[in-house]
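Below is one structure, written out as structure tokens; the observations come after it.
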Amino acid sequence: MYMMMLPGLLYLLINNYIPMTGLFIAFKSTDYSKGIFHSDWAGFENFKYLFSTSDAWVITRNTILYNATFIILGTLLGVTVGILLSELSRKFLSRFYQTVLLLPQLMSIIIIAYIAYAFLSVDTGLINKSILPLFGIDPISWYMEASYWPFILTFIYLWKGLGYSCIIYLASILGIDKSLYESAEIDGAGKWRQIVSITLPMLKPTIITLVLMAIGTIFYADFGLFYQIPMNSGALYNTTNVIDTYVYRGLLQMNDIGMASAAGAYQSVVGFMLILLANFIVRKVDKDNALF
Amino acid sequence: MSKLINGRAVFQISINFILIMLALASILPFLLLVISSFTDEVTLTLRGYSFFPEKFSLDAYEYLFQQSTMLVRAYGITLLVTTVGTSVGLLLTSMLAYPLSRRDFSKRNVFSFIVFFTMLFNGGLVPSYLMWTGFFHIKNTIFALIVPNLLMNAFFVLLMKNYFSNNIPPELIEAAEMDGAGEYKVFFQIILPLSLPILATVGLMIGINYWNDWTNGLYYLTNPNLFSLQNLLNRILSNIQFLSTNTVSQKVTTELPSTSIRMAIAVVGMLPILVLYPFFQRYFVKGITIGSVKG
């Protein structure tokens, strides 16, 4: 038994557990000539520096606001489309729509960035070349104007994630006892009434659990979405920089290990506490759905 | 009565209408990508991306087939990484999941927690990066694309563990052990053949993760000879970004493929998923729904 588990456990040890211990790097003043272990301790200097810049506020605000928007709109859309799919009288149609809606989820974010560029490119994009002229609006430099990006990123997130979330809710709806609908029908309840009085209340535990779990990971952003879709454009950082992109740029583009590791440790620790908190609440609401 | 039937028909038509709109919204952007790859380069530059280009052309694909050793190489690397990563990953995942599913294994809860904890807490990019590059020296090796993060994750282990505990009767294992079969024999000859649905589901998800991954290449590769398809696409994309914000140097412009060629590379990159997807679709849907049920 132990022999069989060994390779997998070893992998978790190296890939997951050793980096956890690396949180101490955030408290070092890393000097490559001395190596990480022999660099001087810096105490909370890296954190002090991080929080003295406006960056800390911007990345925290962006990460949380984007994720909160994604959670609210994503749940609304997923539940709605899940209900629509469950109401289809022909099952093969439901399967067909699921297949199509899931497609964007399977493509790499890079392909999606190519598509976004085809729409948004300044001199050749579909929007600037074909759509805006119809309304007599001048071309917009999408990759230079930060104010549009909350809408663009939210739209792309919802577009990409719809298939996944509606399938989860559909599965949950299909698990509802059919006899409830039959007796409602006999009592003369219309479709709308059935959805409001049966489907939504029965979906409530699933919705609450998924939303709380999503809140637990609100401190982690989708790196690909925020790095690739805005094409790493500096003019957009104010509305596109999130903790994950900040850590990456700090580490590999600016070589500022102190800053990057402080931001990373901030994310790990606060993120961990949020997950524990979310799970604690799920346990209170509905013990069966708690993670642990 | 007929009013009721009419009402139902209207209801069905309207939900179908909404869903068709959403389905079109999911597909049309990909169609735009495909159409641009078949669009004449001059038309593309003058008129921009369009669903209805004035002039079609196969030049981009001709160029790709004749010229691009880089693309063929990247394609080969992606194939290699996906195959090796998926097989090794599937083996590691199932070999860890199986003991955790055995009710007669007294330490299973301890080990399950060790696996599960990695989903709650992680050290983040900086320590991982320093460990992989400083200690394991995987920078600019093929291992950089295979080993970090993608090989195995706790979620798949727990998914598989649940499948084993719910679908393999313990009596079956007992009977096999009575007949003198060892742990490995039971695992490889009885358990795995009985678990093909979950192996297919998890294998497919690992495979997609490898095929689509670009982050490992971004972190750990600077040598373009090792670039996977996604890394190649990524580099072209960052060059476009570079061009649009900096004064253009002659060198970069000549290195940058034309728009239709870029689109053709992207199409070639997503083609395998598009082609295989309809066949594997049910495993994906299954993967999502079992994943959402408590792990």
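Computed from the coordinates by the stated procedures, all read-outs in this text should not be read as laboratory data. Source: prediction; values computed, not measured. Positions of Cβ are backbone-derived with ideal geometry, glycine not excepted, and every protein chain shown enters the neighbour counts.
How many nm is it between the label spots at B:E177 and B:L194, if each spot is 7 Å from the Cα in line with the beta carbon?
1.3 nm
What net charge do the residues around A:D222 carry, taking every other residue with its C-beta under 13 Å from that of A:D222, with Lys and Arg at +1 and Asp and Glu at -1?
0
For a label point 7 Å from the Cα of A:V269 along Cα→C-beta, name the residues of segment A:33-51 whose backbone N is under 12 Å from it.
What the label zone holds, given the 12 Å backbone N cut-off, is A:43-48.
Taking 0.36 nm per residue of sequence separation and subtracting the Cα-Cα distance, how much length would be gained by fully extending the chain between B:L271 and B:A25, in nm to one decimal?
86.6 nm
What FRET efficiency, computed as 1/(1 + (r/R0)^6) with R0 = 25 Å and r the Cβ-Cβ distance, is obtained for A:I64 and A:V285, rounded to the nearest 0.05?
Here the calculated transfer efficiency is 0.70.
Springs between alpha-carbon pairs under 10 angstrom, Gaussian network model over chain A: which of A:M20, A:M273, A:M259 fluctuates most?
Comparing A:M20, A:M273, A:M259 in a Gaussian network model of chain A, the most mobile one is A:M20.
How much length is gained on full extension from B:N167 to B:N239, taking 0.36 nm per residue of separation minus their Cα-Cα distance? Kindly include the intermediate steps, with their values, before the conclusion.
On the way: separation 72, 0.36 × 72 = 25.92 nm, distance 5.08 nm.
Once the chain is fully extended between B:N167 and B:N239, it gains 20.8 nm.
Applying 1/(1 + (r/R0)^6) with R0 = 45 Å to the Cβ-Cβ distance of B:Q66 and A:M144, what FRET efficiency is obtained, to the nearest 0.05?
The value I calculate is 0.75.
Can you tell me how chain A classifies by the Cα gyration tensor, rounded, prolate or oblate, using a/c under 1.5 as the rounded cut? Working shown, then result.
Working: a/c = 2.30, a/b = 1.35, b/c = 1.71.
Verdict is oblate for chain A.
Label 7 Å along Cα→Cβ of A:F135; segment A:220-240 residues with amide nitrogen under 19 Å?
So the set is empty, nothing qualifies.
In nm, give the distance between the simple-model label positions of A:F24 and B:D59, each being 7 Å from the Cα along the Cα-to-Cβ direction.
Placing both labels 7 Å along Cα→Cβ, they lie 6.1 nm apart.
Below 14 angstrom from the Cβ of A:T69, what's the summed charge of the other residues (Lys, Arg +1; Asp, Glu -1)?
0
Under 28 Å Cα-Cα from A:K287, which lysines qualify once same-chain neighbours fewer than 8 residues away are excluded?
Answer for A:K287, where 28 Å is the Cα cut-off: A:K178, A:K204, B:K107, B:K161, B:K286, B:K294, listed by chain and number.
First measure r as the distance between the Cβ atoms of A:D40 and A:M1, then evaluate 1/(1 + (r/R0)^6) with R0 = 56 Å and state the FRET efficiency to the nearest 0.05.
0.80
Please give the contour-minus-distance gain from B:T133 to B:R8: 0.36 nm per residue of separation, less the Cα-Cα distance, rounded to one decimal in nm.
Additional length available on full extension: 38.7 nm.
Restricting to DSSP loop positions (anything but H, G, I, E, B) with no more than 10 other Cβ atoms inside 10 Å of their own Cβ, which trypsin sites (Lys or Arg not before Pro) remain in segment A:59-155?
Details: sites: A:R61, A:R90, A:K91, A:R95, A:K129; in loops: A:R90.
In loop regions of segment A:59-155 (DSSP not H, G, I, E or B), the sparsely surrounded trypsin sites (Lys or Arg not before Pro) are A:R90.
Roughly how big is chain B's charge dipole about its Cα centre, with Cβ charges of +1 (Lys, Arg) and -1 (Asp, Glu), in debye to the nearest 20?
Using Cβ point charges on Lys, Arg, Asp and Glu, chain B gives about 620 debye.
Using label points projected 7 Å from each Cα along Cα→Cβ, tell me how many nm separate A:N255 and A:L73, to one decimal.
The two pseudo-label positions are separated by 4.0 nm.
Answer rounded, prolate or oblate for chain B, using the Cα gyration tensor with square roots of eigenvalues a ≥ b ≥ c: rounded when a/c is under 1.5, else prolate when a/b is larger than b/c, else oblate.
oblate
How are the C-alpha pair distances of the protein assembly as shown spread across 10 Å bins, as whole percents from the shortest bin up?
P(r) for the protein assembly as shown, in whole percents per bin: 3, 14, 24, 27, 19, 9, 3, 0, 0.
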